[in-house]
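Right, one structure below, let's go through it.
The values are calculated or read from the model by the stated rules, or taken from the named source; none is laboratory data. Please read all numbers here as calculations on a predicted model, not as lab measurements. Glycine also receives a Cβ, built like all others from the backbone with ideal geometry; neighbour counts cover every protein chain displayed. Just so you know, the surface numbers come from the protein's heavy atoms only, side chains and all, with ligands and any DNA or RNA stripped out. Shrake-Rupley method; radii C 1.70, N 1.55, O 1.52, S 1.80 Å.
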Amino acid sequence: MAGDNIGRRPVLGLGAALGLAMPALAQQAPAGRPVTLVVPFPPGGSTDVMARLLAERMAPALGQPVLVENRPGAATAIGAEAVARAAPDGYTVLVNSGTTLTINPLVLRHLPYKVEDFAPVSLLSILPFAFLVQNRLPATIPEFVALAKAKPGQLNYGSNGPSSFNNIAAVLVSEALGIRMQDVTYRGDAAQLNDFVAGTLDLLVVGGSSAIQPHRNGQGRIIGWTGDRRMPFLPEIPTFAEFAPGTVAQTYFGLAAPARTPRPAIERLSRAAAQALQDPALRDRLLAEGQFAIGSSPEEYAAFLRQEADRWRPVLQRMNLQLD
């Protein structure tokens, strides 16, 4: 179908120009057959940026074109289901977020895929969220908490729905700080940002450039990060964990292939991703997008997924978050 090609873009040239070819990997692939990275989000967001940067550098390592295909919708379930049902041959790979393989399986009753439908390939990056507040609001975490306590439930923030990672992060931080805010649901970061700039929303809980650019443009102020460390390019902004120890809520991005993909194909993809993530230019670009580059073996990623499920299961049960 024509619609299946929407969002695809070959990304071979830049990586080759950077001289990152890996002959041992390249010799194992049929010449010219592309690998497709399926992104279950629209173009332009943090996941899409990650996928295209990665694909540019994986292509020369693999010795074949790497395409990025956007298949958004249904809280990432459309793209994830497409990969789960794809041929397990190593040529269709999911660029998953924490929503896809951690949150959705824990809260959605009728999810069209299971975690077991995928073979972990590599943990790519970690992305904390920022609290971006209006300039009229206090600029420090203690002052913001004091205002929120004085106006319980009156401050509002945008999220991508009850089960979205940014909403869960907002609830976790609010609980830790002893405040209560009102969630306003949107479809994607762009609509939230528009209303925030218009003054309709008091704050955003978002990651990447959705927070960094408005902060730098003077359209709002980041008062804190939900990660376990400060951002090197904004070292003056603290984490919420510095005020409420253990308050860490960050999503992640990874690669996962269909279950039953042959082990050599999984290892080949994992090595190519790890090689790509060692590129200083890629790491710097991801950091500018608010992401910390990682890279891992399939076994390390599988263990990470189990740990994330164990960590978030009691939190989501406490939130009584169970959706159809």
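Of the GluC sites (Glu not before Pro) in the range 217-322, which ones lie in a loop per DSSP and count no more than 14 other C-beta atoms within 10 Å? Don't jump to the answer; show the numbers that get you there.
Working: sites: Glu236, Glu242, Glu267, Glu289, Glu299, Glu300, Glu308; in loops: Glu236, Glu289.
In loop regions of the range 217-322 (DSSP not H, G, I, E or B), the sparsely surrounded GluC sites (Glu not before Pro) are Glu236.
I'd like to check one number: the per residue accessible area of the chain, probe 1.4 Å, reported in Å² as a whole number. Intermediate values should be presented prior to the final figure.
Values: 13330 Å² over 324 residues.
Per residue, the chain has an accessible area of 41 Å².
Quick one, which of (i) 30, 22, 22; (ii) 42, 21, 21; (iii) 35, 21, 17 is the actual semi-axes √(5λ) of the Cα gyration tensor in Å calculated for this model?
It is the one labelled (iii).
Please list log₁₀ I(q)/I(0) at q = 0.11, 0.14, 0.16, 0.17 Å⁻¹ for the range 238-324, using the Debye equation with identical point scatterers on the alpha-carbon positions.
-0.47, -0.73, -0.89, -0.96
Calculate, axis by axis, the spread of Cα positions in the range 188-265 along the three principal axes, and write the results as whole Å, longest axis first.
51, 32, 21
If you count only protein heavy atoms and use a 1.4 Å probe, how large is the accessible surface of Leu53, to the nearest 10 Å²?
Here the accessible area works out near 20 Å².
Let me have the 222 nm mean residue ellipticity of the chain computed from DSSP H runs of 4+ only, each contributing -39500 (n - 2.57), with the sum over all residues rounded to the nearest 500. Working shown, then result.
Working: 12 runs with 124 residues, N = 324.
Value at 222 nm, helices only: -11500 deg cm²/dmol.
Could you please state how large a percent of the accessible area of the range 28-161 is carbon and sulfur, counting protein chains only and using a 1.4 Å probe?
56
At 1.4 Å probe size, with the rest of the protein present, what percent of the exposed accessible area of the range 218-308 is carbon and sulfur atoms? Don't skip to the answer; put the middle values down first.
Details: 1970 of 3670 Å².
In the range 218-308, the share of accessible area belonging to carbon and sulfur is 54 percent.
Taking loop as defined by DSSP and a crowding limit of 15 other beta carbons within 10 Å, which trypsin sites (Lys or Arg not before Pro) in the range 237-311 fit? Kindly include the intermediate steps, with their values, before the conclusion.
Working: sites: Arg260, Arg268, Arg271, Arg283, Arg285, Arg306, Arg311; in loops: Arg260.
Those satisfying the criteria are Arg260.
For the range 36-98 and the range 225-247, what is the centre-to-centre distance using only Cα atoms, to the nearest Å?
30
Once label points are set 7 Å from the Cα along Cα→Cβ at both Ala191 and Arg263, what is their separation, rounded to one decimal in nm?
4.7
Do any trypsin sites (Lys or Arg not before Pro) in the range 45-141 lie in a loop, going by DSSP, with at most 16 other beta-carbon atoms within 10 Å of their beta carbon, and if so which? Please list the in-between numbers first.
Working: sites: Arg52, Arg57, Arg85, Arg109, Lys114, Arg136; in loops: Arg85, Arg109, Lys114, Arg136.
Here the sparse-neighbourhood loop sites are Arg85, Arg109, Lys114, Arg136.
Let me check against my output: what whole-number percent is the relative contact order of the chain, with C-alpha pairs under 8 Å and at least 6 apart? Could the numbers behind the result be given before it?
Numbers: 664 pairs, mean separation 77.8, N = 324.
Relative contact order comes out at 24 percent.
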